[in-house]
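Visitor: I have a structure here, written as structure tokens, and I will follow up with some questions on it.
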Amino acid sequence: MVDNTPPSGEGAQLIEVRTAAVPHVVPTLRTIVADIAMRQDFDLDAVEDLRMAVDEACSMLLPSASDGHLNCVFSWKDGRIEVTVSVLSDSPDHDDETGLSWQLLTALATSARRSVTPADGGYLSRVELIRESEAARP
């Protein structure tokens with residue numbers, strides 16, 4: 001299996017969820033990120049932005065999950081939350097990063113990145129999100 005752990009640094013908290021790549025699990029992932037954000041004292045708008053960002057990332061990747069699994073890694077420390085959503089796919093192709101979903105995703109996160117790398121006879125398609133609280137920004 002491919003290491004999906006985001007680069008969070010020393011002392012970061014981490015939750016990794018491996019689940020079926022089906023739409024009805026997305027609300028659970030949204031709830032996890034909202035809980036983390038609330039515990040990190042993010043304001044309510046940022047909490048909702050993170051919920052929607054996780055939803056968008058999952059929606060982008062679910063259709064290409066070739067093995068029926070979706071991995072989601074949440075890590076956080078000092079007002080910074082990182083979320084990595086990934087699936088194994090049969091093709092290296094992915095949606096255009098100028099599309100509406102990608103535009104929405106980048107508006108909701110402090111930063112977002114999409115990558116596709118060869119893995120396990122297929123391709124690991126990954127969306128990485130970072131959201132920082134307003135209080136954590138310099």
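Visitor: Given Ser115, Val127, Ile15, which one lies farthest toward the positive end of the charge dipole of the chain, if we put +1 on the Cβ of every Lys and Arg and -1 on the Cβ of every Asp and Glu?
Guide: Of the listed residues, the answer is Ile15.
Visitor: Taking Cα pairs under 8 Å and at least six residues apart, what relative contact order does the chain come out at, in percent? Write out the running numbers ahead of the final one.
Guide: On the way: 254 pairs, mean separation 37.4, N = 138.
Result for the chain is 27 percent.
Visitor: Give me, ordered by chain and number, the residues 5 or more places off Thr110 or on other chains with an amide H under 5 Å from its own placed amide H.
Guide: When sequence neighbours closer than 5 places are left aside, the close amide H contacts are Ile130, Arg131, Glu132.
Visitor: Okay, next question. Would you please give the residues with an amide H less than 5 Å from that of Ser66, counting only those at least 5 places away or on a separate chain, with H modeled from the backbone geometry?
Guide: It is Leu88, Ser89, Asp90, by chain and number.
Visitor: Under 10 Å from the Cβ of Pro27, count the other residues' Cβ atoms, weight Lys and Arg +1, Asp and Glu -1, and hand me the total.
Guide: Details: positive: Arg30, Arg51; negative: Asp55.
It works out to a net charge of +1.
Visitor: Provide the descending list of Cα extents for segment 49-138 along its principal axes, expressed in whole angstroms.
Guide: Answer, in whole Å and largest first: 43, 26, 18 Å.
Visitor: Keeping the other protein chains in place, figure out the carbon and sulfur percent of the accessible area of the chain, with a 1.4 Å probe. List each step's numbers first, then the result.
Guide: Details: 3550 of 7110 Å².
Accessible surface attributable to carbon and sulfur in the chain totals 50 percent.
The values are calculated or read from the model by the stated rules, or taken from the named source; none is laboratory data. Everything quoted here is computed from the prediction, not taken from an experiment. With ideal geometry, Cβ positions are generated from the backbone for all residues, glycine too; neighbour counts draw on all protein chains shown. Ligands, DNA and RNA are stripped out before the accessible areas are found, and what is left, the full protein with its side chains, is counted by its heavy atoms. Shrake-Rupley method; radii C 1.70, N 1.55, O 1.52, S 1.80 Å.
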